[in-house]
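A short write-up of the structure that comes next.
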Amino acid sequence: GLSNARLEAMAESIGLDMTAFNNCFDANKYQNDIQADLDLGDQMGVSGTPSVFVNGVRAGQPGYIPTYQEIAAAVEAALTAAQ
């Protein structure tokens, strides 16, 4: 669903400087940063988005969006561990 033509159309529709966008896009300027993020996600067991981690610990269950309560519990656990 995110073909190059669609990404370019979205960039244009929100008023980006298309010369700057195309130069960046065509040069794959952020390819290494994106790959590093994907690699880290693989290492941490991310199987989709959104995934929420608090100090490297997943909040909620893989494959599900964590609830507020699950995120709050993860934050509280991290705060307790830090004391």
Can you tell me how much longer the chain between residue 29 and residue 75 gets when fully stretched, taken as 0.36 nm per residue apart minus their C-alpha distance, in nm with one decimal? 13.1 nm
Report the one residue of 46, 80, 15 whose Cα lies farthest in the direction of the positive end of the charge dipole of the chain (charges on C-beta: Lys and Arg +1, Asp and Glu -1; origin at the Cα centre). 80
Would you mind working out the magnitude of the charge dipole of the chain relative to its Cα centre, with +1 at each Lys and Arg C-beta and -1 at each Asp and Glu C-beta, to the nearest 20 Debye? 180 debye
Find the relative contact order for the chain and round it to a whole percent, using C-alpha pairs within less than 8 Å whose residues are 6+ positions apart. 15 percent
In Å, the Kirkwood hydrodynamic radius from C-alpha pairs for region 36-83 sits at 11.3 Å
Please list, by residue number, every one of the chymotrypsin sites (Phe, Trp or Tyr not before Pro) in region 1-68 that is coil in DSSP and has at most 16 other beta-carbon atoms within 10 Å. 30, 64
Sorted by accessible area (1.4 Å probe), largest first, how do 3, 51, 13 line up? 13, 3, 51
Provide the three semi-axes, in whole Å and in decreasing order, of the ellipsoid equivalent to the chain as defined by the square roots of 5 times the Cα gyration tensor eigenvalues. 35, 15, 13
Rounded to whole Å², per residue accessible area for region 1-56 with a 1.4 Å probe reads 80 Å²
Extension reserve of the residue 64-residue 20 stretch, reckoned as 0.36 nm per residue once the Cα distance is removed: 12.1 nm
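The values are calculated or read from the model by the stated rules, or taken from the named source; none is laboratory data. This is a predicted model, so every value here is computed, not measured. So basically every Cβ, Gly included, is an ideal-geometry build from the backbone, and we count neighbours across all protein chains shown. Calculation scope for accessible area: heavy atoms of the full protein, side chains included, ligands and nucleic acids excluded. Shrake-Rupley method; radii C 1.70, N 1.55, O 1.52, S 1.80 Å.
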